[in-house]
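Written out below as structure tokens is the structure these notes cover.
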Amino acid sequence: MVPGDEVTLFLSGDVMTGRGVDQILPRPGSPRLREQVVTDARRYVELAEAVSGPISRPVPPGWPWGDALRLLDGLGPDVRIINLETAVTGRGEFAPGKAIHYRMHPDNLACLTAARVDVCALANNHVLDFGPGGLADTLDALTRAGITPAGAGRDEVEAWRPARIDLGGGRRLLFWSVGTPSSGVPPHWAATARRAGVAYLPEASEECAAALTARIDREARPADLVVVSVHWGSNWGYDVPAEQVRFAHRLVEAGVRLVHGHSSHHPRLIEAYRDGLILYGAGDLVDDYEGIGGRESYRPWLRLLHLPTFDRGGLVRLRLVPVRIRRMRLEPATPAEARWLADLLDRLGGPSRTGFRLDEDGLITLRRP
């Protein structure tokens, strides 16, 4: 990359390649679950088929990404980042005290390499679903595949170490991943000097923001592009707590260019703030939730590919690609679905003066004042 060039990132919300997704891939692990209602992961495949039609098994590794692979290739992001909300392991015990556990067998890691993922955020409420051994397997599998993990580690030093991506000309992408209890991350999952775990923030407070920005200041150079990925908040609803807004603003004011929030199962407010961008809830992208009903008003089958572009001065533009899930595979949203998403984001962004429009090419973009 030529120094001074713009940098385009691809970011997703939750990518959950365990459970039913793992079962349709070429090398599935055990389907056994410890959920109250569903005890076999293959049941989630059956639920999706009941809604959208049969799914041949096994599917190719890139199947869950579907048309998103072609769409991303056309838009050409320089770095691809996901929140990986599953352990990558074939062993370990179910973490006690949790109702839901996700894991993908390591032999199915081609599902991630098919999308040419560069960085995985791991500070979330599922990465330790199969204990420290499952976390170690996850870290090893990602590293072997050339994917940089961030936000979890065998101790706190590793968990808090940012992912570093060389952008050329002495410029780097520095990527921190942190998790909060509001998204269901248990406090005892916090990494310590003697315990594997995640980079844990006890709350989205001014004190925690100050501690995080001090950590960033010790590592970042003036030319670096700094991203903080945070797993926070509830799964459903459009309201963004005031403390999350204050926390995100504080990070941007300190030089963070992008706050990559996730945990919600649908898109939430996107805010262009000063020279940065804040995704308060990026929504789901890949999962096995297709046949689960009860939240239809949110249209959770609709998802977004987020592609912000930055230069050394900050945010240059934002392109959002509307997609939908069908037969556990991503495909382009219909024009009506894309319009619904654009109108939703425009309405949510009104109070923060961040508007959106649906362009003729089907992309959702920032509507400048």
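The values are calculated or read from the model by the stated rules, or taken from the named source; none is laboratory data. None of these values were measured; they are calculated from a predicted model. Cβ: placed from backbone, ideal geometry, glycine included. Neighbour counts: every protein chain shown. Only protein heavy atoms, including side chains, enter the accessible area calculation; ligands, DNA and RNA are left aside. Shrake-Rupley method; radii C 1.70, N 1.55, O 1.52, S 1.80 Å.
Candidates in region 97-120 are the residues that are under 13 Å from THR86 (Cβ atoms) and part of a helix (DSSP H, G or I); of these, the one that is most open to solvent (accessible area, probe 1.4 Å) is PRO106.
From the list LEU285, LEU279, LEU366, LEU348, the lone residue that is farther than 23 Å from ALA68 by Cα and in contact (Cβ under 8 Å) with a residue 12 or more places away in the chain is LEU348. Of all residues in region 226-246, those that are within 17 Å of THR213 (Cβ to Cβ) have Cβ atoms under 8 Å from Cβ atoms of residues that are surrounded by fewer than 16 Cβ atoms within 10 Å (Cβ to Cβ), 6 or more apart or on another chain, in GLU243/GLU203; GLU243/SER205; ARG246/GLU206. The residues of region 260-300 that are open to solvent by less than 30 Å² (accessible area, probe 1.4 Å), in contact with a Ser or Thr (Cβ under 7 Å, 6 or more places away or on another chain) and not in a loop (DSSP other than H, G, I, E, B), listed by number, are HIS260, ILE270, GLU271, LEU285, VAL286. In region 250-259, is there at least one residue being assigned to a helix (DSSP H, G or I) and open to solvent by less than 10 Å² (accessible area, probe 1.4 Å)? Checked region 250-259: at least one residue is assigned to a helix (DSSP H, G or I) and open to solvent by less than 10 Å² (accessible area, probe 1.4 Å).
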